[in-house]
Structures are given as C-alpha cells and as structure tokens.
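First up is the structure itself, then whatever we jot down about it.
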C-alpha cells in the first residue's frame with residue numbers, strides 16, 4: 001500500500017488510504033478513508049470520495065484507471081490533493097507549535113475541511129476553486145460566467161428576503177420559481193440555462209459530499225436551446241478596422257490581434273498561446289500555423305494569409321520562450337474591442353470572437369470547401385462548420401430578397 005512517511009526528531013508520520021469492504025452503500029460504493037499515524041497513534045478521516053470495491057487498488061492506495069471516462073483519474077487527483085493538504089497542515093502545526101499528535105492533526109484538518117451547507121456559501125467556495133483552476137489552464141471563461149450566475153442566484157434569494165438557503169431547504173418549487181425569475185428578467189434561453197446549470201452544479205456538489213441525498217431539481221428541464229446565431233462582421237467593416245490604426249498601444253495590439261484572428265480563425269486564447277514553434281513552412285516555403293485549439297484540443301492547420309504574415313512580422317517570431325503576441329487577459333481588452341467596433345460602425349457591442357466567425361463566413365462566401373474550413377478552424381465535428389454555411393445561405397437569401405424588392409420598385 002502506498003504510504004507517506006516523514007521522520008522528524010519528535011514524530012513518525014504515516015498516511016494510508018484504504019476502503020472498508022464491509023460497509024457498502026445502496027448504490028454499490030464505499031467511502032475511501034484516510035488513516036493518519038503519528039508516533040504509533042492512529043486516527044481516521046473520511047476523504048468524501050467514493051468508489052466501487054472492485055475499482056480499488058490496495059497496493060497503490062488509489063483507484064484503478066480502466067476507462068478515461070469513468071472519473072477515476074479525477075478521483076485519484078483529489079486523493080493526491082487530500083494527501084498534500086494533510087502534509088502541509090502537519091508541517092505547519094509542527095513548525096508553529098513544536099509538537100503534534102494524530103488527534104490534533106485531525107481536529108485541525110476537520111476545521112479546514114469544514115463543508116459549506118448553505119447554497120451561496122458553497123457557491124463562493126466553488127468560485128474560489130474555479131479561480132485557481134482558471135490560472136492553471138489559462139482560461140477564465142468558466143470563472144467569469146460563475147460570477148454572473150452566482151450574482152443572479154444571490155439576487156433571487158434577496159427577492160425572497162433571504163440572505164442564503166440551506167441545501168436541505170431547497171425544493172423543486174424553489175428551482176421552478178428561480179427559472180421564472182430569470183425569465184422575468186428577459187434573459188435569453190442560453191443565459192437562463194447557464195444560471196440553472198450553476199445552481200445544479202452546487203447541488204450536485206452537496207450530494208457528493210452527502211449533505212443531501214439527491215438533487216430535488218433533477219426533473220426540471222432546461223430551456224429549449226436556441227438555434228445558434230453566429231455574429232460576424234461584414235467585409236467592409238473588417239476593411240474599416242484594417243484601415244484604422246489606433247494611437248493607444250493596447251488598442252493597437254488588440255486591433256492587430258483581431259485582424260489576425262479574422263484571417264486565421266484563432267480564438268483569443270489560441271492567439272494568446274501562440275508561440276514561434278507553431279509557425280511552420282511547407283516545402284514550397286509557404287507559412288502555416290499548426291496548433292491545437294484550447295477549447296477542443298483539436299489540431300488546426302491554417303495556411304497564412306499575407307495580411308496575417310505581415311502582422312506576425314511585427315511581433316516575436318524568434319524567441320520560443322515567449323508568446324508571439326504580448327496579449328493581456330481577455331478582460332483587459334473589453335473596452336478596446338468595443339472602441340474598435342464603434343469606429344467600424346458595428347451595431348451593438350463587438351466581441352473578439354466575432355473575428356473567428358468572420359473568418360468562417362468569408363471563406364464560405366469565397367467558395368472554399370467546408371471540409372478545408374473545418375480543418376482550419378479546428379472543429380471537432382464538421383456540423384460545427386455547417387453553421388457557417390447556414391449563415392451564408394441566409395445572407396444570400398436576404399440579398400436576393402432585397403434585389404427582388406428593388407426590381408419591383410423599378411418596374412412599377
């Protein structure tokens with residue numbers, strides 16, 4: 001069995017993960033326990049993680065990984081995090097107090113690992129976890145969305161004259177009324193579903209921690225998914241952006257990155273994570289980008305348009321220890337993007353992602369095969385690319401309707 005042993009002048013410290021095969025729950029799982037030994041004295045903690053007895057590897061003190069989709073790798077990572085937390089707490093107590101015991105360590109850990117039983121309290125804890133995770137994966141989208149969802153949940157509770165609610169008090173009617181509340185604010189279906197997903201997420205965390213037995217909102221359906229509406233800018237608007245350099249350094253960097261995306265289909269996270277080694281050349285000497293998209297982990301192969309090459313030449317294409325573009329986190333360029341959209345005459349707020357959508361629609365309008373566009377855009381499924389074909393077809397239909405109307409006026 002896998003053990004952690006550390007010897008000090010005052011104590012011998014062991015950590016052991018194990019399961020009790022005689023205590024199986026109704027769903028066929030059993031708790032993974034943690035035995036802590038200090039100077040021969042033992043105490044036991046529950047990890048809050050469960051598994052089926054046949055999945056447990058007693059020699060390694062971890063779960064067997066037979067299928068990447070069964071979640072055992074994630075549970076093993078949680079066990080490792082649990083181990084590290086114990087080790088850090090042990091070192092802290094020993095350093096600050098000079099003496100330590102198994103019971104003292106358990107009591108300290110129990111206080112540290114106190115599980116929130118209230119909805120908003122659990123939401124704040126989960127947001128803190130997402131904040132740390134966003135720094136690890138270098139993507140803040142989920143963390144930023146959680147702020148909006150948590151805020152809507154708080155406003156809903158305040159409308160009920162409640163500061164928070166215990167998980168045990170959440171009922172199906174609570175969830176149904178929350179959806180009605182969101183609808184009353186005239187949110188789009190996608191936003192309502194984001195908010196409802198956050199609520200369900202927190203409830204399922206509570207179920208995993210055995211605060212409640214089941215999710216009372218499990219039978220409440222999500223809103224019908226809207227047909228995707230891909231916002232893109234026109235060729236003339238893109239030309240205006242290209243013809244309008246900006247005096248501010250950050251605004252100009254944002255403008256160039258936006259144009260670069262419009263000619264490469266790379267999302268902001270992909271442009272930010274672009275390094276010189278991603279730029280390669282064919283046998284004929286033509287440059288192209290080969291990278292894996294952060295969102296889908298699908299490889300994108302993009303021949304470089306001369307305009308994209310020209311923009312690249314202004315930035316780092318030699319030092320592979322640094323990214324090509326010195327871009328900040330996306331939150332910092334929000335005002336820059338809106339200013340660019342205003343100057344180009346874009347209706348509503350311009351978003352950086354519209355550059356990617358523009359790439360798809362322009363290439364389809366130019367007659368590029370959809371399979372080639374799918375490969376360049378790094379889509380995991382060609383059905384994602386077919387959405388651009390629908391946008392292009394709608395535009396052709398709209399233009400034809402306008403032509404018919406003009407002919408009616410001429411021949412009146």
*Could we say that residue 114 is closer than 30 Å to residue 154 by Cβ and modelled with pLDDT under 90 here?*
yes
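Quick one: which helices (runs of 4 or more DSSP H) lie wholly within segment 166-252 and hold at least 2 residues that are at pLDDT 90 or above, farther than 29 Å from residue 125 by Cα and over 27 Å from the mean Cα position of the chain (by Cα)? Explain how you work it out, then say what you get.
Values: elements: 172-184, 189-208, 235-242.
Correct list: 235-242.
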*Can you name the residue in segment 97-125 that is without any contact (Cβ under 8 Å) to a residue 24 or more places away in the chain and part of a helix (DSSP H, G or I) and is also nearest to residue 142 (Cα to Cα) among such residues?*
125
*asked:* Quick check on my filter: what residues within segment 114-135 are in contact with a strand residue (DSSP E or B) (Cβ under 8 Å, 6 or more places away or on another chain) and crowded, with 16+ Cβ neighbours inside 10 Å?
replied: 118, 119
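Only one of these is assigned to a helix (DSSP H, G or I) and farther than 29 Å from residue 221 by Cβ: 130, 94, 157. Name it.
Details: 130 fails: farther than 29 Å from residue 221 by Cβ; 157 fails: farther than 29 Å from residue 221 by Cβ.
Unique residue meeting the criteria: 94.
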*Among the numbered conditions (1) surrounded by 17 or more Cβ atoms within 10 Å (Cβ to Cβ); (2) assigned to a loop (DSSP other than H, G, I, E, B), tell me where residue 146 comes up short.*
(2)
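Which one of these is over 20 Å from residue 348 (Cα atoms) and surrounded by 14 or more Cβ atoms within 10 Å (Cβ to Cβ): 233, 241, 212?
212
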_Flag for residue 290 being under 23 Å from residue 141 (Cβ atoms) and either crowded, with 20+ Cβ neighbours inside 10 Å or in contact (Cβ under 8 Å) with a residue 12 or more places away in the chain (or both)_ = no
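Here is a yes/no grid of residues against (1) out of contact with any strand residue (DSSP E or B) (no Cβ under 9 Å at 6 or more places or on another chain); (2) under 16 Å from residue 209 (Cα atoms); (3) surrounded by 12 or more Cβ atoms within 10 Å (Cβ to Cβ); (4) without any contact (Cβ under 8 Å) to a residue 40 or more places away in the chain:
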| residue | (1), (2), (3), (4) |
| --- | --- |
| 23 | no, no, no, yes |
| 31 | no, yes, yes, yes |
| 38 | no, no, yes, no |
| 54 | yes, no, no, yes |
| 58 | no, no, yes, no |
| 64 | no, no, yes, yes |
| 82 | no, yes, yes, no |
| 91 | no, no, yes, yes |
*With respect to residue 87, determine if the residue is modelled with pLDDT of 90 or more, loosely packed, with under 13 Cβ neighbours inside 10 Å and part of a helix (DSSP H, G or I).*
no
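For residue 100, are the conditions met, namely being at pLDDT below 90, surrounded by fewer than 17 Cβ atoms within 10 Å (Cβ to Cβ) and on the phi < 0 side of the Ramachandran plot? Quick ask: steps written out before the conclusion?
Working: at pLDDT below 90: yes; surrounded by fewer than 17 Cβ atoms within 10 Å (Cβ to Cβ): no; on the phi < 0 side of the Ramachandran plot: yes.
When the stated conditions are applied, residue 100 does not pass them.
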*Just wondering, is there one or more residues in segment 275-286 that are in contact (Cβ under 8 Å) with a residue 24 or more places away in the chain, closer than 30 Å to residue 318 by Cβ, in contact with a helix residue (DSSP H, G or I) (Cβ under 9 Å, 6 or more places away or on another chain) and not in a helix (DSSP H, G or I)?*
yes
_Within segment 293-412, helices (runs of 4 or more DSSP H) holding 1 or more residues that are modelled with pLDDT of 75 or more, surrounded by 14 or more Cβ atoms within 10 Å (Cβ to Cβ) and in contact with a helix residue (DSSP H, G or I) (Cβ under 8 Å, 6 or more places away or on another chain)_ = 306-312, 334-344, 354-365, 370-377
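The values are calculated or read from the model by the stated rules, or taken from the named source; none is laboratory data. Quick caveat, the model's predicted, so the values are computed rather than measured. Positions of Cβ are generated from backbone atoms using ideal geometry, with glycine treated the same way; all protein chains shown enter the neighbour counts.
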